[in-house]
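**Q** My questions all concern the structure below.
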Amino acid sequence: MFANKIRSRRFNYLVLIVFLFLSIWSCWIFGKQGRFYSANDLKFHLARITELVNDLRFHNSLLNPLNFASFKNTGVAVQAFYPSLTLWPFALLQIIFKQPIFALYTTIVIYSFLGCWLSYFLLLRFTDNDQLQSALFAVIYNFSIYHVTDLFIRFDLGEWLAMLFLPLIFYGGYQVLKGRPSEWKFGTIGLTLVGYSHVLTLALSLLFLGGSWLIGWLILRPRDFAARLTAAGKLILSTLMLLLFELYPLVKLTLFNNIHFPAKYNLVRSPTGKLPSLGNFLRLAFNDQLTKNLGLLLPLILIGCLLLWRKMPLFYRWSWILLVLLVACTTTFFPWAYLQRTPIAIIQFPWRLLTIASLFLALNGSWLIAALFHSIVYRWKIKGKLIWSCLLLLLVVFPTLSAEKSQLYQDKKSDQLADLNKKALGRHYWINDRLYSKFVKASDNTDYYPERAFIANKSILQQKVLTASGSFKLPLTKYRNNQLIIKINSTHLQKVNLPWLKYQGIKYLLLVNHQRQQFKASDRLTFQIRLKRGENKISLKSKSLTGQFMSEVAALFSGIYLLL
């Protein structure tokens, strides 16, 4: 018994070292030269981090729904529509290290390591301390091809962060389904952290969780259904309470404004390419590259589980079936064309379902590989199981690391230092610490503009102050202590139209030369104010939304209840 505990503890230490090593190695492949290579949403998410850095440095509210230090200082409500709580560590480390690229990679390493540890801990509970399977699950899931593609090819930082917390939802939701209602808190923590990272992944998780409960209970027909339903209600209700302060601004601004949301793309043909057929998806899995796929492990795990189907526990059979269904739904095998005009189109890209499919890939893969390993060790009486287990973990991640090296090789051939003098950067560039600030300042996102402002977005992004006789560029702005401050010299008394977005439902305080001034919304839904002759000091503050404080109090008490 004592010897088993020593081996168990030693394995835990070794596994944590492997997790840290893989987290560093995965980032070192791309970051060893101090570069971050071009990715689809790189500029957008770095601008969001820059907003938080400015908030920390100049004592602004981290919960302000408006962006005044990024996205051309327009006051667009990106922070209201795109959660930012899990971005705070990125901002904090950028202040500590002063080198933004190094800080970015360091935070990714920390999150990757925490994601592995969390997955390992949860599957230990789920499998009654099967350490090898738990470690395999952690590395297969957190270093899956799709998860790494989400980071280094798409740089959908919100979705990548949300994926780290999906195992919490799976564990808590499954325990509620199976009649262990006391474990519902894990599901609440998972859904809350996903909601703090990515709203769309939260919606997908809730739909999948609700559907799983419904189908599962119809099959099981449990006698203690009322207790399980109560636990499910606690899980969902406590999640909504904890997310209230994040969701409240989003809902209020949506209801009060005609918001220009991100485009609904063709579900069969997105800007990044046509949705593959099921055959092409499986063929693509054999390619050594980062792509919207699950990679080489997918066909190997599917075939291996089929060969061991009779020995496979019932749970993993259902997991295998769900994996196959989710993979099929990311191809043209599923009739997405008929859903183009339905609310489901908000998903934008069907391959987002790979976020959940990755979970079932890791579940089945960890069971299969652990079963084969234990069988081989027992039959051949192999010694040194700890070392062989760690080598096995490295072997499982090898396809992903190989795909990263292959992608880096392609990037080095095609990518060049970003030329910010060009109107469009294109798809092949890289940035370093020297270019980081200029690169982020060039972010010109127009999602979440009021619709009328979006129509006039060109003049707003060019920071044009419109007057009766023409226009001029907005002077340098400072956003400190929750105030946006500029100085404008006017040759005469006049009305001007500032390129700051005005949202209905938000109370603004506008001061001109230290005096409060009533203002009107211009035709492009920006601020129209009066200037006197000479120098004018203009400051703008946005007040907390009505009801925002109560939503924060509700979240606080929900958190205390969850802890108790």
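**Q** I need the phi-derived Karplus couplings for the range 98-104: 6.51 cos²θ - 1.76 cosθ + 1.60, θ = phi - 60°, integer Hz, Gly and Pro marked x.
**A** Each residue of the range 98-104 in turn: 6, 10, x, 5, 4, 5, 5 Hz.
**Q** Could you tell me how many degrees, from 0 to 90 and to the nearest 10, lie between the Cα long axis of helix 131-142 and the main elongation axis, the longest principal axis, of the Cα atoms of the chain?
**A** Relative to the chain, helix 131-142 is tipped by roughly 30 degrees.
**Q** As I understand it, the value is the acute angle between the Cα axis of helix 354-380 and the longest principal axis of the Cα atoms of the chain; what does it come to in degrees, rounded to 10?
**A** 30 degrees
**Q** Say each of S437 and L16 gets a label point 7 Å from the Cα, pointing the same way as Cα to Cβ; how far apart are those two points in nm?
**A** 3.9 nm
**Q** May I pose another question? So between N258 and R9, what do we pick up on full extension, going 0.36 nm a residue minus the alpha carbon distance?
**A** Length difference between fully extended and current span is 84.0 nm.
**Q** Express in nm, to one decimal, how much length is gained between L401 and F58 on full extension, taking 0.36 nm for each residue of separation and deducting their alpha carbon distance.
**A** Gain in length upon complete extension: 119.5 nm.
**Q** Separate question: Amide H neighbours of Y429 under 5 Å, counting only residues 5+ apart in sequence or on other chains, H built in-plane at 1.01 Å?
**A** S38, Q416
**Q** Moving to a separate point now. Across the range 399-406, in residue order, what do the Karplus-derived ³J(HN,Hα) couplings come to in whole Hz, using 6.51 cos²θ - 1.76 cosθ + 1.60 with θ = phi - 60° and x for Gly and Pro?
**A** Going residue by residue, I get x, 5, 5, 5, 5, 5, 4, 5 Hz, with x marking Gly and Pro.
**Q** With the crude spin-label approximation of a point 7 Å out along Cα→Cβ, what separation in nm comes out for R480 versus L314?
**A** Here the answer is 6.7 nm between the modelled labels.
**Q** Out of residues 5 or more away from W500 or on other chains, whose amide H comes under 5 Å of its own, with H placed 1.01 Å from N in the peptide plane?
**A** Here the answer is F527, since their amide H atoms fall under 5 Å of that of W500.
**Q** So, one more: Assuming R0 = 22 Å, what is the FRET efficiency of Q518 and T467, from their Cβ-Cβ distance, to the nearest 0.05?
**A** So the FRET efficiency works out to roughly 0.70.
**Q** Using DSSP to define loop residues, name the trypsin sites (Lys or Arg not before Pro) in the range 465-564 whose beta-carbon has at most 13 other beta-carbon atoms within 10 Å.
**A** K507, K532, R533, K543
**Q** Short version: ³J(HN,Hα) in whole Hz for each residue of the range 540-550, in order, from phi by Karplus 6.51 cos²θ - 1.76 cosθ + 1.60 (θ = phi - 60°), x for Gly and Pro, what are they?
**A** Each residue of the range 540-550 in turn: 10, 10, 10, 7, 4, 4, 4, x, 5, 4, 5 Hz.
**Q** Right, something else. Would you work out which of T477, H45, L278 lies farthest towards the positive end of the dipole of the chain, given +1 charges on the beta-carbon of Lys and Arg and -1 on that of Asp and Glu, about the Cα centre?
**A** T477
**Q** Would you please give the FRET efficiency between L307 and K178, computed as 1/(1 + (r/R0)^6) with r the Cβ-Cβ distance and R0 = 22 Å, to the nearest 0.05?
**A** Result of the calculation: an efficiency of 0.20.
**Q** Using the Cα centre of the range 449-550 as origin and beta-carbon charges of +1 (Lys, Arg) and -1 (Asp, Glu), tell me which of N489, A453, L545 is placed farthest towards the positive end of the dipole.
**A** The listed residue farthest towards the positive side: N489.
**Q** Something else: How big is Rg to Rh over the range 200-330, alpha-carbon atoms, Rh as the Kirkwood inverse-mean-distance radius?
**A** Ratio of gyration radius to Kirkwood radius for the range 200-330: 1.06.
**Q** Mind checking the per residue accessible area of the range 349-431 for me, 1.4 Å probe, whole number of Å²?
**A** So the range 349-431 comes to 55 Å² accessible per residue, rounded to a whole number.
**Q** What dipole magnitude, in Debye to the nearest 20, does the chain give about its Cα centre under +1 on Lys/Arg Cβ and -1 on Asp/Glu Cβ?
**A** 800 debye
**Q** Now a separate question. How are the alpha carbon pair distances in the range 449-550 distributed across 5 Å bins from zero to the largest one, expressed in percent?
**A** 2, 12, 22, 26, 21, 11, 4, 1, 1, 0
**Q** May I pose another question? By how many nm would the segment from Y409 to K274 lengthen if fully extended, with 0.36 nm per residue of separation less the alpha-carbon distance?
**A** 46.1 nm
**Q** If eta is 1.567 mPa s and T is 4 °C, what Stokes-Einstein diffusion coefficient results for the chain, Kirkwood Rh from Cα pairs, in µm²/s?
**A** Translational D for this selection: 50 µm²/s.
**Q** Could you work out the relative contact order of the chain, using alpha carbon pairs under 8 angstrom and six or more residues apart, expressed as a whole percent?
**A** 20 percent
The values are calculated or read from the model by the stated rules, or taken from the named source; none is laboratory data. A quick note: this is a predicted structure, and the numbers were derived from the prediction, not measured. Positions of Cβ are backbone-derived with ideal geometry, glycine not excepted, and every protein chain shown enters the neighbour counts. All accessible areas refer to the heavy atoms of the entire protein, side chains included, with ligands and DNA or RNA removed. Shrake-Rupley method; radii C 1.70, N 1.55, O 1.52, S 1.80 Å.
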